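Since the structure comes first, as structure tokens, the remarks are kept for the end.
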Amino acid sequence: MRIGQGFDVHAFGPGDHVVLGGARIAHTRGIVAHSDGDVAIHALCDAILGALAMGDIGVHFPPTDARWRGADSRVLLRHVVGLMRQNGFTLGNADVTIVCELPKILPHAPAMRANLAADLDCGVDRISIKATTSEKLGFTGRGEGIAALAIALLQRT
Ligand code: MG
């Protein structure tokens, strides 16, 4: 078995929605990002890459590469899943925690779990989405940005 962890942050900016776990969620702010700014998927990609000891998302999808401008992060995730399979691993389970005051995450957790399970070609029972506020403390507490942490356990096929 291999284990990896990931962490990602993006700032809020002008806009009317955020994308988290591949789910489009209406919000009074948008996300400032080169891609769609899906912190949940970016953290999960880094967790899987970490378990593979294959660097991080910035190595595989450099912000300077126009191919990834405005990219759907699910495309990035599926690329990382391909690397995982090429290296002889399958997902044991993944656990993602999203940190923000708003938007409310839990109503959208079932959609996120379904999206991630589809991209990982695994059962939704292997994908956990959790949420917490930071009690109005720090950049997430002030509503300046959103953060996500992820951990992934990989099993050799
Ligand atoms: Mg990111």
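Overview of values
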{"item": "Cα-based shape type of the range 42-117, given that a ≥ b ≥ c are square roots of the gyration tensor eigenvalues and the cut on a/c is 1.5", "result": "oblate"}
{"item": "Fully extended contour minus Cα-Cα distance, from D125 to L106, at 0.36 nm per residue", "result": "5.2 nm"}
{"item": "Residue-normalised accessible area of the chain, expressed per residue, 1.4 Å probe, Å²", "result": "48 Å²"}
{"item": "Karplus-derived HN-Hα couplings along the range 141-157 (A = 6.51, B = -1.76, C = 1.60, θ = phi - 60°), whole Hz, x at Gly and Pro", "result": "x, 7, x, 7, x, 10, 10, 8, 10, 9, 9, 9, 9, 10, 10, 5, 7"}
{"item": "Radius of gyration and Dmax over the Cα atoms of the chain, both given in Å", "result": "14.7, 44"}
{"item": "Label-point gap, in nm, between T133 and T157 - each point 7 angstrom along Cα→Cβ", "result": "4.3 nm"}
{"item": "Inter-site label distance for R24 and I3 at 7 Å from Cα along Cβ, in nm", "result": "3.8 nm"}
{"item": "Stretch gain in nm, segment T90-V59, where the contour uses 0.36 nm per residue and the Cα spacing is subtracted", "result": "9.0 nm"}
{"item": "Loop trypsin sites (Lys or Arg not before Pro), the range 1-78 (other Cβ atoms within 10 Å of the site Cβ: 16 or fewer; DSSP)", "result": "R69"}
{"item": "Span from the the range 84-157 Cα centroid across to the the range 1-50 one, whole angstrom", "result": "9 Å"}
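The values are calculated or read from the model by the stated rules, or taken from the named source; none is laboratory data. Given the structure is predicted, the values throughout are model-derived calculations rather than measurements. When we count neighbours, we look across all protein chains shown, and the Cβ atoms used for this are built from the backbone with ideal geometry, even at glycine. These accessible areas exclude ligands, DNA and RNA; they are computed on the full protein's heavy atoms, side chains included. Shrake-Rupley method; radii C 1.70, N 1.55, O 1.52, S 1.80 Å.
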